[in-house]
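All of the numbers you see were taken from the coordinates with simple rules; none came from a lab. Just so it is clear, the model here is predicted, and its values are computed rather than measured. So basically every Cβ, Gly included, is an ideal-geometry build from the backbone, and we count neighbours across all protein chains shown.
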Amino acid sequence: MELQQLYTDLILEYNKDTTNKRKIDDPTLSEHGHNPNCGDDITLEVKVKDGVIDDLAYTGSGCAISQASTAMMAELLQGRSVDEALRLVHLFLDMIRGKVTDEAQLEELEAAVSLKDISKLPVRVKCAVLGWHTLEIILDRLEAMKKEK
Amino acid sequence: MNLEAIRNDFPILKTQCAGRDVVYFDNAATTQKPLPVLQAAFEYSTHSNGNPHRGAHIFAIAASEAYDGSKETVRRFLNARSTREIIYTRNTTESLNLVARSYGETHLKQGDKILITIAEHHSDLVTWQRVAHKTGAALEYIYVDKETGHFLPEDLKKIDDPAVKIFAFAEVSNVLGIHFDPKPLIERAHAHGAVVVLDGAQSAPHRKVDVQDLDCDFFAFSGHKMCAADGIGVLYGREELLNDMEPFLLGGDMIDLVEEQETRFAELPAKFEAGTQYVEGAVSLEAAIRYVEAIGFDAIREQEQKLVRRTLEGMQQIPHIRIIGPKDPAEKEGLVAFTVKDVHPHDVAQILSAEGICIRTGHHCAEPLHRYLGINASCRASFYFYNTEEEVDYFLEKLKGVRPMMGYGD
């Protein structure tokens with residue numbers, strides 16, 4: 001994989017985009033994600049109202065792939081229902097694992113589709129999935145809380 | 001030193017990457033192996049392979065001779081009094097675990113203190129955390145100046161506390177690159193009878209070690225950071241301390257007499273070498289010691305100093321590079337850790353990798369040090385005697401391109 005294919009303009013743009021790199025006042029849930037080998041370290045915060053993700057933001061630091069991927073995720077999932085968000089998280093993870101390759105099916109991931117080829121670069125996979133895995137943990141907890149009620 | 005001839009001994013350095021010979025600057029993680037070392041291991045396995053200290057056949061004898069001969073070379077290399085003080089392990093980490101478990105856990109108690117430094121590698125830190133948790137001893141740290149990397153003078157007073165029973169530190173920091181002159185520190189700790197453990201992983205490959213002159217109690221190093229196979233490491237321990245310790249692992253060859261309910265352990269060093277040992281690794285280590293000694297530590301130092309000087313001077317000309325630890329080449333022991341503003345170390349390493357340059361990225365198994373310095377991770381270029389100034393120039397040129405590549409102006 002060539003560098004230009006990895007660090008595309010879109011990824012570099014999202015890496016620098018700090019729109020959703022911030023703290024949320026009074027988040028419903030937050031979760032810490034960490035790649036011990038490379039030092040990627042993020043905290044995700046989610047605010048949920050009536051089963052809908054009202055706000056989703058992150059803080060911390062990490063490589064361009066992890067930061068861009070998390071920024072794309074935040075943009076994509078704000079305003080979605082928890083169920084819908086969970087479905088999209090799974091779709092993204094399946095894309096990175098190379099399980100879903102159909103472009104039409106992946107279209108709904110919007111900007112995050114640009115990370116598709118990371119599946120060919122195993123050492124960077126954990127960077128690309130850090131934010132999404134962390135959100136998956138939060139969403140699973142929200143689902144469990146809903147069931148308890 | 002004939003650099004060209006030396007490089008011819010390392011076929012791996014001719015690997016083609018990005019249209020040129022690969023630039024291998026990750027020697028603090030592991031070094032490459034020269035042909036004489038590879039051949040020694042190959043010869044052993046081709047003609048002499050057996051299980052040492054067991055059996056009476058020709059190969060058992062050949063293996064015993066190879067193993068014991070290698071030990072004598074290591075003894076001489078460290079200037080230990082006897083081969084009874086030389087224990088083979090897998091690596092520095094295992095050596096330090098042995099000390100922590102077999103000495104630390106059995107000799108420390110509540111009220112005692114273990115003193116280490118914030119610059120320690122996890123192998124010399126997590127190990128002592130567990131000893132502290134298990135025994136109730138307190139774990140204390142000597143901190144460093146965030147700019148110069150030197151130990152804070154007021155923190156050095158902690159060494160004088162008579163409650164300090166173990167003082168453990170790396171002779172050379174794998175991040176700061178500093179050589180912490182161990183002798184005065186050891187003297188100070190010994191003044192009240194503390195046991196001193198030296199992590200020599202980053203020092204033994206680069207400078208002469210004399211354990212009697214240092215007067216340290218334990219000294220650990222790895223073969224794979226000095227041209228030998230990975231999986232062979234050394235623990236030097238003062239004989240009376242080793243005799244006063246419990247075995248680390250139990251099993252074959254570490255016993256004198258085994259009955260149904262009781263066992264009498266073997267004499268040193270066998271007491272600490274349970275199970276079939278890595279003889280090929282021991283042979284490889286002996287060959288590596290001979291290879292490094294033939295080049296000589298003065299020549300190694302001279303070459304590494306040239307490379308470090310050129311690297312530091314070059315980096316200071318590139319905007320937005322932060323050098324970690326001292327910036328004076330005389331204070332750097334063959335490695336330079338750094339960060340590039342706004343670019344995560346992982347991306348720096350990826351970009352350089354595409355240009356055929358191998359550096360390390362992450363926290364280099366020194367997470368508390370990075371946190372203390374206020375950085376998440378860093379990049380590290382680390383050299384050995386076979387690296388060249390041309391490689392440094394190429395590396396610096398490519399390093400300049402990192403920020404532009406990531407969409408920053410300069």
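What residues of segment A:7-50 lie in the reach of a label at B:D342, counting those whose backbone N is under 13 Å from a point 7 Å from the Cα along Cα→Cβ?
Residues A:12-18 qualify, since their backbone N sits under 13 Å from the label point.
What are the lysines whose alpha-carbon lies under 22 Å from the alpha-carbon of B:K146, with same-chain residues fewer than 8 places away excluded?
Cross-link targets: B:K157, B:K158, B:K327, B:K332, B:K341.
Output the relative contact order of segment B:154-194, whole-number percent, from Cα pairs under 8 angstrom with separation of 6+ residues.
50
Rounded to the nearest 5, what % of the DSSP beta bridges within the protein assembly as shown are antiparallel ones?
So the antiparallel bridges in the protein assembly as shown amount to around 70 percent.
Within 10 Å of each Cβ in A:31-44, how many Cβ atoms from other chains are there, averaged over the peptide?
3
So which of A:K99/A:K126; A:K23/A:K149; B:K225/B:K398; B:K109/B:K165; A:K120/B:K400 end up more than 18 Å apart, counting from Cα to Cα?
A:K23/A:K149; B:K225/B:K398; A:K120/B:K400
Filter chain A for me: DSSP H helices, axial length by Cα at least 20 angstrom, mean Kyte-Doolittle hydropathy not below -0.5. List them by residue number.
Qualifying helices, which must be both long enough and hydrophobic enough, are A:82-96, A:122-148.
In segment A:1-91, what trypsin sites (Lys or Arg not before Pro) fall in a loop by DSSP, with at most 16 other Cβ atoms inside 10 Å?
The qualifying sites are A:R22, A:K23, A:R80.
What order, most packed first, do the peptides B:261-267, A:60-66, B:30-36 have when packing is the mean number of other Cβ atoms within 10 Å of each residue?
Ranked from most to least packed, the peptides come out as A:60-66, B:30-36, B:261-267.
Calculate the FRET efficiency for A:N37 and B:Q305 from the Cβ-Cβ distance with a Förster distance of 25 Å, rounded to the nearest 0.05.
0.20
Taking R0 as 25 Å, what FRET efficiency do you get between A:D25 and A:R87 from their Cβ-Cβ distance, rounded to the nearest 0.05?
According to the calculation, E is roughly 0.35.
Exactly which GluC sites (Glu not before Pro) in segment B:134-205 are in a DSSP loop and have at most 16 other Cβ atoms within 10 Å?
B:E147
Quick check: the distance between the Cα centres of segment B:1-66 and segment A:37-63, to the nearest angstrom?
Each part's Cα centre sits 48 Å from the other's.
If amide H atoms are built 1.01 Å from N in the plane of the peptide, which residues on other chains or at least 5 residues away come under 5 Å of the amide H of B:K113?
For B:K113, the qualifying residues are B:A138, B:V164, B:K165, B:I166.
Can you list the residues, at least 5 places off or on another chain, whose amide H is less than 5 Å from the amide H of B:G233, using H built in the peptide plane?
Amide H to amide H, under 5 Å and 5 or more residues apart or across chains, B:G233 pairs with B:T89, B:R90, B:N91, B:G223.
Show which aspartates and glutamates lie in cross-link reach of A:K16 when reach means a straight Cα distance below 17 angstrom and same-chain residues fewer than eight apart are skipped.
Cα-Cα hits under 17 Å: A:D40, A:D41, A:E75, B:D342, B:D347, B:D410.
Can you tell me the length gained on complete extension of the stretch B:E65 to B:R322, counting 0.36 nm per residue apart and subtracting the Cα distance?
Length difference between fully extended and current span is 87.5 nm.
Antiparallel as a % of all DSSP beta bridges within chain B, to the nearest 5?
If I count the DSSP bridges inside chain B, around 60 percent turn out antiparallel.
Report, to one decimal in Å, the Kirkwood hydrodynamic radius for the protein assembly as shown based on all distinct Cα pairs.
Taking the inverse mean of 1/r over all distinct Cα pairs, the protein assembly as shown comes out at 26.0 Å.
Above 23 angstrom, tally the Cα pairs of chain A and express them as a % of all pairs, no decimals.
Result: 30 percent of Cα pairs exceed 23 Å.
Relative to a virtual label point 7 Å from the Cα of B:D213 in the Cα→beta-carbon direction, which members of segment B:292-307 show backbone nitrogen distances below 18 Å?
B:292-302, by backbone N distance to the label point.
Distance in nm between label sites at A:L10 and B:E147, each 7 Å beyond Cα in the beta-carbon direction?
With each label placed 7 Å out from Cα toward Cβ, I get 4.6 nm.
Shape call for chain B from the C-alpha gyration tensor, a ≥ b ≥ c root eigenvalues: rounded (a/c under 1.5), prolate (a/b greater than b/c) or oblate?
Oblate is the answer for chain B, as a/c is 1.5 or above yet b/c matches or exceeds a/b.
At a 10 angstrom cut-off on C-beta neighbours, averaged per residue, how do the peptides B:230-243, B:114-127 rank from highest to lowest?
B:114-127, B:230-243
At a Förster distance of 45 Å, what's the computed FRET efficiency of B:M1 paired with B:H192, Cβ-Cβ distance as r, to 0.05?
Computed FRET efficiency for B:M1 and B:H192: 0.55.
In terms of the Cα gyration tensor, with a ≥ b ≥ c the square roots of its eigenvalues, is segment B:153-257 rounded because a/c is under 1.5, prolate because a/b exceeds b/c, or oblate?
Oblate shape, in that a/c is at least 1.5 and b/c is the bigger or equal ratio.
Which whole number gives the average, over all residues in B:398-408, of C-beta atoms from other chains lying within 10 Å of the residue C-beta?
2
Considering amide H positions built from the backbone, and no H for Pro or chain starts, which residues 5 or more places from B:G50, or on another chain, come under 5 Å of its amide H?
Excluding prolines and chain starts, which carry no amide H, the hits are B:A63.
Need one value for B:335-346: mean number of C-beta atoms belonging to other chains within 10 Å of its residues' C-beta atoms.
What the average comes to for B:335-346 is 3.
Could you give the spread of the C-alpha atoms of segment B:176-320 along their three principal axes, from largest to smallest, in whole angstroms?
So the extents along the principal axes, rounded to whole Å, are 70, 41, 32.
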